[in-house]
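The values are calculated or read from the model by the stated rules, or taken from the named source; none is laboratory data. Worth saying up front: this structure is predicted, and the values here are computed from it rather than measured. Here the Cβ positions follow ideal geometry from the backbone for every residue, glycine too, while neighbour counts run over all protein chains shown. These area figures cover heavy atoms from the full protein model, side chains too; ligands, DNA and RNA do not enter into them. Shrake-Rupley method; radii C 1.70, N 1.55, O 1.52, S 1.80 Å.
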Amino acid sequence: MGTSLPNARGYFGDFGGKFVPETLFDCLKELEDTFGKSVKDPSFNREFTQCLNTYAGRPTPLYFAPRLSKEIKPGVRIYLKREDLCHTGAHKINNTIGQILLALRMGKKRIIAETGAGQHGVATATVCAKFGLRCDIYMGQEDIHRQSLNVFRMELLGARVIPVTSGSQTLKDACNEAIRDWVTNVKTTHYLLGSVVGPHPYPLLVRYFQSVIGKEAKKQLRSREERLPHYLIACVGGGSNSIGLFHPFVHDKKVNMIGVEAAGYGLSTGRHAASLVCGEVGVLHGARSYVLQDADGQIKTAHSISAGLDYPGVGPEHAYYKKTRRAHYVAVTDTEALRGFRMLSELEGIIPALEPAHAIAYLPKLAKKLRKGNICIVCLSGRGDKDITIIRGISQKK
């Protein structure tokens, strides 16, 4: 288990790789070379850090949640890493800033991206507006309906939102269309992938840019408690916020890492997005990992009330963590996530996005394992503004 992973071929153990059309090999190599040179360049890292601090609003607070802690188990200390306070309302801005700086170094004038919940799309549109680049965002028609506020935000920022009407009309299909676009426009276009999925070097570079979450949390907790946490908990869709929190602690063996996937209507129904809990090894969007697939190897349709977790695969580094048992993965249903959403809102006055509401919802299940004095850090990856319409619609039906 080393920070040297992935290897030169882009593998985390058995997972990862570069399963792409020949057309994309040269641009992936260009991206890999540019990234490799940039992270060794002090001027790049200074610019990245400066943008995070002065534009994205870092460092984000590590907030002790007293009422939530007492509700889960008296004597336990639960901290929230407040990525919801980043500019644009989620952790996604960390990665988009990093990748836009790479795109500028490669001379790309056009940016494309996929989005599910819309947070990555908004973050991409935001940095494109800041740096003056053309921006096209692929978004499934179903997600456009679910996340209309974020669609408006993207368009307000100058991006073109392209509806995807194929397949399940969700995140998987948005990724498919973005890749098709990229294949035909590789010379002028950078695909700003939003999670630790896809072909090498994307899982590596997105992890690099998102690891600021865990690095800050580690430093902040040591300052507050003078020790490491007992548990790290984060939701997992593609897996960027969770890898961002987990990776800086990967060598701290006494720190337990728990990734929470979307169980949707229930694992037994087959209508879920729990690739690590229920999936099998396969290839999706250019990488080998755990995916939801049928007996013929065809990718299944995922389901989650949360558009950001509604993806039938997961980043290869998470697959590696599962196989090596470095992290433990669980799943939370839509109904449980809604309870987590309301619990944090009512106890702490913090309205979470439905994605991290899954992580919050797992805390009562974890309570039986927690002992007095245990410390948990939960990654609050985004704020709930985008989900208010969904929550209101559910409330009105009751």
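The residue that is farthest from Pro42 (Cα to Cα), among those in region 120-133 that are of a type outside the set (Gly, Ala, Ser) and open to solvent by 20 Å² or more (accessible area, probe 1.4 Å), is Leu133.
Can Glu32 be described as closer than 26 Å to Thr124 by Cα and touching a strand residue (DSSP E or B) at 6+ places or on another chain (Cβ under 8 Å)? The answer is no for Glu32. For region 281-312, filtered to residues that are polar (S, T, N, Q) and open to solvent by less than 30 Å² (accessible area, probe 1.4 Å), the residue that is farthest from Pro356 (Cα to Cα) is Ser289.
Whenever a residue of region 249-273 is under 20 Å from Lys323 (Cβ atoms), its partners that are open to solvent by 70 Å² or more (accessible area, probe 1.4 Å) and outside any loop (DSSP other than H, G, I, E, B), lying with C-beta atoms within less than 8 angstrom and at least six residues away or across chains, give the pairs Asn256/His328; Met257/His328; Ile258/His328; Gly259/His328.
When Lys372 is tested against (1) in a helix (DSSP H, G or I); (2) over 21 Å from Leu245 (Cα atoms), just one condition goes unmet, and that condition is (1). Scanning region 191-224 for residues that are crowded, with 22+ Cβ neighbours inside 10 Å and among the small types (Gly, Ala, Ser) returns Gly194, Ser195, Gly198, Gly214, Ala217.
Considered as a group, the residues in region 57-72 that are assigned to a loop (DSSP other than H, G, I, E, B) and in contact with a Lys or Arg (Cβ under 8 Å, 6 or more places away or on another chain) include one that is farthest from Ser211 (Cα to Cα), and that residue is Pro61. For region 60-68, the count of residues that are at negative phi, buried (at least 19 other Cβ atoms within 10 Å of the Cβ), in contact (Cβ under 8 Å) with a residue 40 or more places away in the chain and among the β-branched types (Val, Ile, Thr) is at least one. Flag not set for Gly75, criterion: over 29 Å from Pro364 (Cβ atoms) and not β-branched (Val, Ile, Thr).
Could you check how many residues of region 144-167 are in contact with a strand residue (DSSP E or B) (Cβ under 9 Å, 6 or more places away or on another chain), of a type in the set (S, T, N, Q) and more than 21 Å from Arg180 (Cβ to Cβ)? Counting residues in region 144-167 that are in contact with a strand residue (DSSP E or B) (Cβ under 9 Å, 6 or more places away or on another chain), of a type in the set (S, T, N, Q) and more than 21 Å from Arg180 (Cβ to Cβ) gives 2.
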